[in-house]
Amino acid sequence: MEIPEIRSLIEHNRGSVAFIIGNGINRYSNNPAGSSWDQLLSRLWQEVTGGDPLHRPEGISTPEFYDILELNNRNKINLQERFCALMDEWEPRDHHLRIVETLLRWDVPLMTTNFENTLERAFRFELFHIRGAKSSDRYPWSSYYGNRLLEIPTDGFGIWHINGMVKYHRSIRLGLSHYMGSVEKARKLIHKGDDDSLFRGKNQNYWQGYNTWLHMIFNRSLFFFGLDLEENETFLRWLLIERCKYFQAFPDRSRLGWYLMKRSNGVKNIGKKFFLKGVGIEVIEVDSYDNIYRSIWE
């Protein structure tokens with residue numbers, strides 16, 4: 001798909017879309033400050049064990065690597081807190097500003113799997129909490145950064161952190177155990193009650209998760225970019241499966257989805273495309289990362 005077509009697609013759906021961005025936005029253009037999670041975990045391994053940095057070997061996912069790191073943490077370093085400190089130096093660059101400015105102008109929600117404050121630092125947004133929502137520093141799912149208080153998450157622009165935010169270090173989802181905790185919490189909200197009540201009312205304001213970012217997963221079309229969404233994204237992939245089940249149960253409530261990526265024929269991408277198609281997400285391929293982080297937003 002060409003850039004003008006992608007722009008037209010976004011413009012046409014901007015009244016019903018939410019964006020989901022991953023760490024690709026921080027690593028774009030060989031950003032030396034935009035470290036990967038693997039690099040940060042390697043540094044933590046060195047601090048915890050006192051040995052050389054250990055790069056994650058093939059055959060173990062990033063969350064599993066973190067859990068092994070915790071098992072070796074005999075000095076009881078607070079790894080979530082330390083991980084947050086390592087990201088504190090990250091600052092927004094021109095493309096962060098351009099993308100956030102566009103989404104703010106469109107007044108559309110932005111969800112991110114990132115933990116650090118790079119996106120909200122672009123405009124020094126405030127932290128807001130949806131009124132009446134039950135929240136905690138472990139699962140601040142009703143908290144977001146923005147320029148005004150929203151009644152519900154779908155009401156307009158806000159930056160929502162799916163996997164935790166650095167302000168609340170206990171919220172950071174790094175290990176497989178952390179992600180399983182998120183699945184357990186989300187499942188209680190999505191499937192509250194017996195089997196006959198599964199998915200009932202997800203587009204209504206009275207369901208258990210209406211005042212969290214989960215409401216957007218089920219009630220907005222989703223546009224992904226800068227996110228690998230590989231097998232280690234256990235939580236988000238599971239949510240997309242549940243979303244698809246919900247739309248099958250209530251076809252009149254169905255929403256669209258798009259995944260923007262650099263063109264590649266790698267074996268992993270074949271499996272990823274198969275998964276995304278299976279959960280109703282259309283894959284859009286472009287020739288370069290410049291197309292993803294610059295051309296669309298200029």
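Overview of results
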item	result
In the stretch 126-168, the residues that are among the acidic types (D, E) and within 22 Å of F235 (Cβ to Cβ)	D137
Of residues in the stretch 48-65 being outside any loop (DSSP other than H, G, I, E, B) and touching a residue at least 60 places away in the same chain (Cβ under 8 Å), the one surrounded by the most Cβ atoms within 10 Å (Cβ to Cβ)	P63
Pairs, first hydroxyl-bearing (S, T, Y) in the stretch 1-22, second surrounded by 14 or more Cβ atoms within 10 Å (Cβ to Cβ) and at pLDDT 95 or above, C-beta under 6 Å, six or more apart	S16/S221
Flag for A85 being closer than 24 Å to L69 by Cα and either of a type in the set (K, R) or out of contact with any Phe, Trp or Tyr (no Cβ under 9 Å at 6 or more places or on another chain) (or both)	yes
Single residue of the stretch 169-189 satisfying the filter (among the hydroxyl-bearing types (S, T, Y) and buried (at least 16 other Cβ atoms within 10 Å of the Cβ)) that is farthest from F235 (Cα to Cα)	S171
Residue in the stretch 128-144 that is among the basic types (K, R) and either surrounded by 22 or more Cβ atoms within 10 Å (Cβ to Cβ) or closer than 23 Å to N13 by Cα (or both) present	no
Residue that is surrounded by the fewest Cβ atoms within 10 Å (Cβ to Cβ), among those in the stretch 234-279 that are within 20 Å of T154 (Cβ to Cβ) and touching a strand residue (DSSP E or B) at 6+ places or on another chain (Cβ under 6 Å)	L256
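The values are calculated or read from the model by the stated rules, or taken from the named source; none is laboratory data. Since we're looking at a predicted model, the values are computed, not measured. Glycine also receives a Cβ, built like all others from the backbone with ideal geometry; neighbour counts cover every protein chain displayed.
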